[in-house]
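Asks: For reference, the structure I am asking about is given below.
The values are calculated or read from the model by the stated rules, or taken from the named source; none is laboratory data. Just so we're clear, the structure is a prediction, and the values are computed from it rather than from any experiment. Heads up, the Cβs are rebuilt from the backbone with ideal geometry, glycines too, and the neighbour counts pull from every protein chain shown.
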Amino acid sequence: MRPVVLLTTLVLLTLASLLFSLATGSVAISWQELLAVFSGADSGNDLAGQVIMELRWPRTVAAFITGALLALAGGLMQVLLRNPLADPYVLGVSGGAATGALLAMLAGLGSLWLHGAAFSGALLSMLLVFGLSHGSGSWTTSRLLLTGIVIAAGWGAIIGLLLAISPEQGLRGMLFWLMGDLSNTAFPSSGFPVLVIGLLAAMGIGRSLNILAHGEQTAGALGVNVRPLRYFIYLLASLLTATAVTLAGSIGFVGLIVPHMLRLLGVRDHRLLLPAAALLGGSLLIIADTLARTLLAPRQLPVGILTALVGVPVFLLLLHHSRTLHGEAR
């Protein structure tokens, strides 16, 4: 697929998913009302204006930014670890964020404090994995991956402990956050600068990523300074993941399957794959969140449950039908 055609298709998909999310819900809103609200012809005081601008628009923005961050981080992680099963959470960043968020919930802190604690926990986990994997020896991909898995297991134990000692009335909110929830996202647009800066930075090293995907020895022989590049990829992917987890909790499979879906379409150049992944990841999470809040309305599902239910069979299908799924990891 030609780059112009691919990007145009993904932009149209993004716009369609935005309209679908804004027009769909327990309160029916027609396309005329939707157009009136955004054209300024509506005063914003009626029910349609309030529902769109106060409820659906912030949540839709949060869904797009979160999905784009996760897909972008997933693409970077798969190159860094040279592992087709790598996703944004593989190095324990989400575990640190979850621990910080649960501690804030146990302390009865507000939404702003909760997001700050989640981001702080994610950064702490990132620094722990980076420092321990480097240690006194050489910094290798295998060492980084093993350190991340162990740190993630440690965070999992702490999370289990916090859930065991927490009061019953707070368990529902904690479990919703752990499974991914966009209903109480504070300041959803706060992740937009991180997304823009991260995308520009990732595209800036796109050529080096293409070379690194063929192996570190090949990259070194072709003049790529591998060690600083690996550090930069790790820090960038971790920052993107920390921002996404802070916005919406742990939402699985978006960062795992979106890069693979694009590779199956023949996209190999990371200068195209990464912006395409951001658009596709954002669109898919908008659609998933819209379904999560409407399938059992007025009850809402954590969006992470829906992405997992859809992501598992989709990934198995991709794995079954593709012989080149792991092509980028070689």
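Asks: Can you tell me which residues in segment 122-178 are under 19 Å from residue 79 (Cβ atoms) and not aliphatic (A, V, I, L, M)?
Replies: 130, 133, 139, 140, 141, 142, 143, 147, 148
Asks: Filter segment 222-271 down to the residues that are in contact with an Asp or Glu (Cβ under 7 Å, 6 or more places away or on another chain) and closer than 17 Å to residue 70 by Cβ, then identify the one that is surrounded by the fewest Cβ atoms within 10 Å (Cβ to Cβ).
Replies: Once the filter is applied, the top-ranked residue is 263.
Asks: Give me the helices (runs of 4 or more DSSP H) completely within segment 241-330, filtered to those with at least 3 residues that are out of contact with any Lys or Arg (no Cβ under 8 Å at 6 or more places or on another chain), under 29 Å from residue 207 (Cβ atoms) and at pLDDT 90 or above, ordered by residue number.
Replies: By residue number, 254-264, 270-294.
Asks: Next up: Could you tell me how many of the residues in segment 114-139 are modelled with pLDDT under 90, among the hydroxyl-bearing types (Ser, Thr, Tyr) and surrounded by 13 or more Cβ atoms within 10 Å (Cβ to Cβ)?
Replies: Summing the residues that are modelled with pLDDT under 90, among the hydroxyl-bearing types (Ser, Thr, Tyr) and surrounded by 13 or more Cβ atoms within 10 Å (Cβ to Cβ) in segment 114-139 gives 1.
Asks: I'd like to check something: does segment 84-99 contain any residue that is of a type in the set (Val, Ile, Thr) and either closer than 24 Å to residue 193 by Cβ or in contact with a strand residue (DSSP E or B) (Cβ under 7 Å, 6 or more places away or on another chain) (or both)?
Replies: Yes, the conditions are met somewhere in segment 84-99.
Asks: Among the residues of segment 14-36, is there at least one that is farther than 30 Å from residue 131 by Cα, touching a residue at least 24 places away in the same chain (Cβ under 8 Å) and in contact with a Gly (Cβ under 7 Å, 6 or more places away or on another chain)?
Replies: Yes, that holds for at least one residue.
Asks: Taking the condition of being out of contact with any Lys or Arg (no Cβ under 8 Å at 6 or more places or on another chain) and either within 17 Å of residue 147 (Cα to Cα) or free of Cβ contacts under 8 Å to residues at least 40 places away in the same chain (or both), how many residues in segment 71-94 meet it?
Replies: Looking only at that region, the number is 14.
Asks: Whether any residue in segment 5-12 is under 18 Å from the mean Cα position of the chain (by Cα) and buried (at least 17 other Cβ atoms within 10 Å of the Cβ) is what I want to check.
Replies: Scanning segment 5-12, I find at least one residue that is under 18 Å from the mean Cα position of the chain (by Cα) and buried (at least 17 other Cβ atoms within 10 Å of the Cβ), so the answer is yes.
Asks: When you scan segment 140-157, do you find a residue that is closer than 30 Å to residue 279 by Cβ, among the hydrophobic types (A, V, I, L, M, F, W, C) and touching a Gly at 6+ places or on another chain (Cβ under 9 Å), even just one?
Replies: yes
Asks: Still on this structure, please answer the following. Looking at (1) buried (at least 17 other Cβ atoms within 10 Å of the Cβ); (2) without any contact (Cβ under 8 Å) to a residue 12 or more places away in the chain, which is the only condition residue 97 fails?
Replies: The failed condition is (2).
Asks: Report, by residue number, each residue of segment 176-197 that is touching a helix residue (DSSP H, G or I) at 6+ places or on another chain (Cβ under 8 Å) and part of a helix (DSSP H, G or I).
Replies: Matches in segment 176-197: 177, 178, 188, 189, 190, 191, 192, 194, 195.
Asks: Shifting gears a bit: Any chance segment 140-161 includes a residue that's among the aromatic types (Phe, Trp, Tyr), free of Cβ contacts under 8 Å to residues at least 40 places away in the same chain, surrounded by 14 or more Cβ atoms within 10 Å (Cβ to Cβ) and farther than 28 Å from residue 262 by Cβ?
Replies: no
Asks: What do you reckon, is residue 230 part of a helix (DSSP H, G or I) and either farther than 21 Å from residue 187 by Cα or of a type in the set (Ser, Thr, Tyr) (or both)?
Replies: Yes.
Asks: Need pairs with beta-carbon distance below 7 Å; first residue within 27 Å of residue 51 (Cα to Cα) and within segment 180-202, second exposed (fewer than 15 other Cβ atoms within 10 Å of the Cβ); sequence gap 6+ or separate chains.
Replies: Pairs that qualify, where the first residue is within 27 Å of residue 51 (Cα to Cα) and the partner is exposed (fewer than 15 other Cβ atoms within 10 Å of the Cβ), are 184/111; 186/111; 186/112.
Asks: Would you check if there is a residue in segment 205-221 being touching a Pro at 6+ places or on another chain (Cβ under 8 Å), buried (at least 24 other Cβ atoms within 10 Å of the Cβ) and touching a residue at least 12 places away in the same chain (Cβ under 8 Å)?
Replies: There is no residue in segment 205-221 that is touching a Pro at 6+ places or on another chain (Cβ under 8 Å), buried (at least 24 other Cβ atoms within 10 Å of the Cβ) and touching a residue at least 12 places away in the same chain (Cβ under 8 Å).
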